[in-house]
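Below you'll find the structure, written out as structure tokens, and then a few comments.
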Amino acid sequence: MPVSLRVLIVEDNPDDAELLALHLVKEDFQPDWRRVETESDYLTALETPLDLILSDWSLPRFSGLRALQLLRERQLDIPFIIISGSIGEEAAIDALRQGADDYVLKDRPARLGSAIRRALEDRRLRQERKQAEAALRESEARFRRLAENAQDLIYRYEFVPRRGFTYVSPAATLITGYTPEEHYADPDLGRKLVYPEDRPLLEQYFQGGGVFREPLVLRWLRKDGRIIWTEQRNVPIYDAAGNLIAIEGVARDITERKQQEVELQRLLAEAEQSRRILLSVVEDQRRTEEALAAERTLLRTLVDHLPDAVYVKDVATRKLLANPADVRNIGVASEAEVLGKTDFDLFPHELAEAYYADDRYVLQAGQPILNREERIMRPDRVLGWQLTSKVPLRDGAGNIVGLIGIGHDITARKQAEEALRTLNEELEARIAQRTAELARASERLELATRAAGIGIWDWDIREDRLVWDETTLHLLGVSAGALTGNYATFLGRLHPDDVDRVNRAIQNALRGATGYSDELRMLKADGTSSYLQTVASITYEQGQAVRMIGVVWDITARKQAELELRMFNELMVGREARIIELKEEVNRLSIELGRPAPYPPVWETSDVTLEDLTAAAK
């Protein structure tokens, strides 16, 4: 297929120009040609795209040499071939020296085709070389921009012809304290930077086989005397004979990573120590539980069957949340059956009326109802008793958007009190003094329960900011502003025996649990402690726990009531010795909580002797 060419012919003889065009066609070219014979026409033609210039050497008003000079002045890369019948060899050589691609004698046109193809090929090679050079310059500029702005130290160290650094990136100053210029000035600075104890590692690295396959981790001594950890990756540069002539590498400051590794090892060691301590505690507990199996079973059964009901309602008193205990109290199989419903949909009308009145008070007045005894319909559809607390639920702007309710089933306590009142006269005579003491203890428990409040706390995990409301501060026995609101302060208020257990439980919950519930022993400002129940929900963002919001209330009275309930059961079946043991346990718990023992030692009572205790024990 003919090759298209845009050709400019500098020729004063139109016939010679026509003849050149015919030769081009004969050589399988398809010329689009134009003839000029003056300098002005030539300059005008140069402004158009051209593939080839064929120029006569001598013209009446112009010359091939002048045409060549004008072309080079404009730095145009257009093949220029001289076509002349009179140029001498010396002039031809001078023309070639000044930039002409070739010359062809008019009486020997056979060389024209090969000369044109060679000139076009030379231009193509020149253009490709220029493009390659431009790409190389751009690549070098891009590399330099990257190196100049990289946080890692990039360097080149040459061994021949002269040993020393030939390139050091600006990051050297940030990492080592030494400027690139100081590296260039001192060929041994790279070794001097290495911490003395690590220099043997550097020497082994360069002397060993396969030296450059693995990264080199060393300590460096900065200019300011500070020690840092670095990781180097080096690439060897060899000459044609296989001799190492230079290395190029990247050094990165990994001090922070090393510190994290050390901290991780420390934490692992602490975890191992904690694991051993935990195993020891578990073993001790196992031995203790074997001796107290029956007692533990009784306590476990009591705890499992006396849960508190927790629920949330909106401003229309519709259920938004109900825990399993509340679901069981309502007498349905699942939470889904109560959500979106009001108490009128779930309870007898007279009970629902009382519940609704309390709900409206909390929602309208914005005030809590705490520890109110009210009747409930138990799962067996028999009326029972419940100790209920309700507090308003507010949004971030302080607007009331619903309420939170907590109910503690006290039916068993009520039944136990009724059973005590019906004990036979013989038992009443023997335990009159004890009954009075129990009545006073019951009165104190009821007063404490009635005065108990429900506190709300909010922990911003990312900022480690913990906010307690006034009720929570009251439960802790401190005034507003007396505590610094953070997680460490919370741990510091825990009973020392509970710190590790509670901390582990919270950290485990933050690994994906949606909620957290626990019983805690908290130290008050006066040095005493109390039992608190807390329930919280956990908020996540992108898989990370960012917030915990919870409620807390005092269950110290409940703990004492549980022990007293067991005492009542023992009394009802005539287990005198068990009553004494339970009273001693109540005394121990009171002392642990920093309160006076409610009962005197059994040997100080007027109607029980050591012989009575011995007989009862038998």
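Does Val281 satisfy the condition of being among the β-branched types (Val, Ile, Thr), at pLDDT below 90, within 37 Å of the chain's Cα centre (by Cα) and farther than 20 Å from Ala150 by Cα?
Taking the combined requirement at face value, the residue satisfies it.
Let me confirm something: among Ala141, Ala147, Ala132, which residue is part of a helix (DSSP H, G or I), open to solvent by less than 80 Å² (accessible area, probe 1.4 Å), touching a Ser or Thr at 6+ places or on another chain (Cβ under 6 Å) and at pLDDT below 90?
Unique residue meeting the criteria: Ala147.
Is it fair to say Thr449 is open to solvent by less than 60 Å² (accessible area, probe 1.4 Å) and at pLDDT below 90?
Yes.
Within region 484-538, can you find the residues that are over 30 Å from Pro596 (Cα atoms) and of a type in the set (Val, Ile, Thr)?
Hits for region 484-538 are Thr484, Ile506, Thr514, Ile538.
Only one residue in Val262, Val282, Val327, Val310 is outside any loop (DSSP other than H, G, I, E, B), free of Cβ contacts under 8 Å to residues at least 24 places away in the same chain and surrounded by 15 or more Cβ atoms within 10 Å (Cβ to Cβ), so which one is that?
After applying the criteria, what remains is Val327.
Name the residues in region 393-421 that are open to solvent by less than 20 Å² (accessible area, probe 1.4 Å) and either of a type outside the set (A, V, I, L, M, F, W, C) or in contact with a strand residue (DSSP E or B) (Cβ under 7 Å, 6 or more places away or on another chain) (or both), would you?
Within region 393-421, Gly402, Leu403, Gly405, Ile406, Gly407, Ile410, Thr411 qualify.
If you check Val25, Val3, Val36, which single one turns out to be among the β-branched types (Val, Ile, Thr), open to solvent by 20 Å² or more (accessible area, probe 1.4 Å) and modelled with pLDDT of 90 or more?
Testing whether each residue is among the β-branched types (Val, Ile, Thr), open to solvent by 20 Å² or more (accessible area, probe 1.4 Å) and modelled with pLDDT of 90 or more leaves just Val25.
Check region 366-389 and report whether any residue there is over 16 Å from Asp314 (Cα atoms), open to solvent by 30 Å² or more (accessible area, probe 1.4 Å), in a loop (DSSP other than H, G, I, E, B) and modelled with pLDDT of 90 or more.
So far as region 366-389 goes, no, none of its residues is over 16 Å from Asp314 (Cα atoms), open to solvent by 30 Å² or more (accessible area, probe 1.4 Å), in a loop (DSSP other than H, G, I, E, B) and modelled with pLDDT of 90 or more.
Every residue in region 472-511 that is at pLDDT below 90, in a loop (DSSP other than H, G, I, E, B), open to solvent by 30 Å² or more (accessible area, probe 1.4 Å) and out of contact with any helix residue (DSSP H, G or I) (no Cβ under 8 Å at 6 or more places or on another chain), please.
The answer is Gly477, Gly481, Thr484, Asn486.
So how many residues does region 86-114 have that are crowded, with 20+ Cβ neighbours inside 10 Å and among the small types (Gly, Ala, Ser)?
Qualifying residue count for the region: 2.
Given the residues Pro14, Pro31, which is the only one that is surrounded by 17 or more Cβ atoms within 10 Å (Cβ to Cβ) and over 23 Å from Ala95 (Cα atoms)?
Pro31
Evaluate region 349-359: report whether one residue or more is farther than 14 Å from Gly407 by Cα, in contact with a Phe, Trp or Tyr (Cβ under 7 Å, 6 or more places away or on another chain) and open to solvent by less than 80 Å² (accessible area, probe 1.4 Å).
Scanning region 349-359 turns up at least one residue that is farther than 14 Å from Gly407 by Cα, in contact with a Phe, Trp or Tyr (Cβ under 7 Å, 6 or more places away or on another chain) and open to solvent by less than 80 Å² (accessible area, probe 1.4 Å).
Taking Leu339, is it over 28 Å from Glu562 (Cα atoms) and either acidic (Asp, Glu) or open to solvent by 70 Å² or more (accessible area, probe 1.4 Å) (or both)?
yes
Of all the helices (runs of 4 or more DSSP H) wholly in region 151-227, which have at least 1 residues that are in contact (Cβ under 8 Å) with a residue 60 or more places away in the chain and open to solvent by less than 70 Å² (accessible area, probe 1.4 Å)?
Fully inside region 151-227 and qualifying: 171-176.
Go through region 76-85 and report how many residues are more than 23 Å from Leu125 (Cβ to Cβ) and surrounded by fewer than 14 Cβ atoms within 10 Å (Cβ to Cβ).
Of the residues in that region, 1 qualify.
May I ask you to say which residue of Tyr238, Tyr205 is at pLDDT 85 or above and among the hydroxyl-bearing types (Ser, Thr, Tyr)?
Testing whether each residue is at pLDDT 85 or above and among the hydroxyl-bearing types (Ser, Thr, Tyr) leaves just Tyr238.
Working only within region 52-75, note down all residues that are open to solvent by 20 Å² or more (accessible area, probe 1.4 Å) and either at pLDDT 95 or above or on the phi < 0 side of the Ramachandran plot (or both).
Listed by number, the residues that qualify are Trp57, Ser58, Pro60, Arg61, Ser63, Leu65, Arg66, Gln69, Arg72, Glu73, Arg74.
Would you say Arg252 is open to solvent by less than 90 Å² (accessible area, probe 1.4 Å), of a type in the set (Lys, Arg), under 35 Å from the mean Cα position of the chain (by Cα) and closer than 19 Å to Asp152 by Cβ?
So Arg252 does not fit the description; no.
Considering region 382-406 alone, what residues qualify as being under 14 Å from Val551 (Cβ atoms) and under 38 Å from the mean Cα position of the chain (by Cα)?
Result: Lys390, Val391, Pro392, Leu393, Arg394, Gly402, Leu403, Ile404, Gly405, Ile406.
The values are calculated or read from the model by the stated rules, or taken from the named source; none is laboratory data. What you see is a predicted model; the values in this text were computed from it and never measured. Here the Cβ is made from the backbone with ideal geometry for all residues, glycine too, and neighbour counts use every protein chain on show. Accessible surface areas use protein heavy atoms only, side chains included; no ligands, DNA or RNA. Shrake-Rupley method; radii C 1.70, N 1.55, O 1.52, S 1.80 Å.
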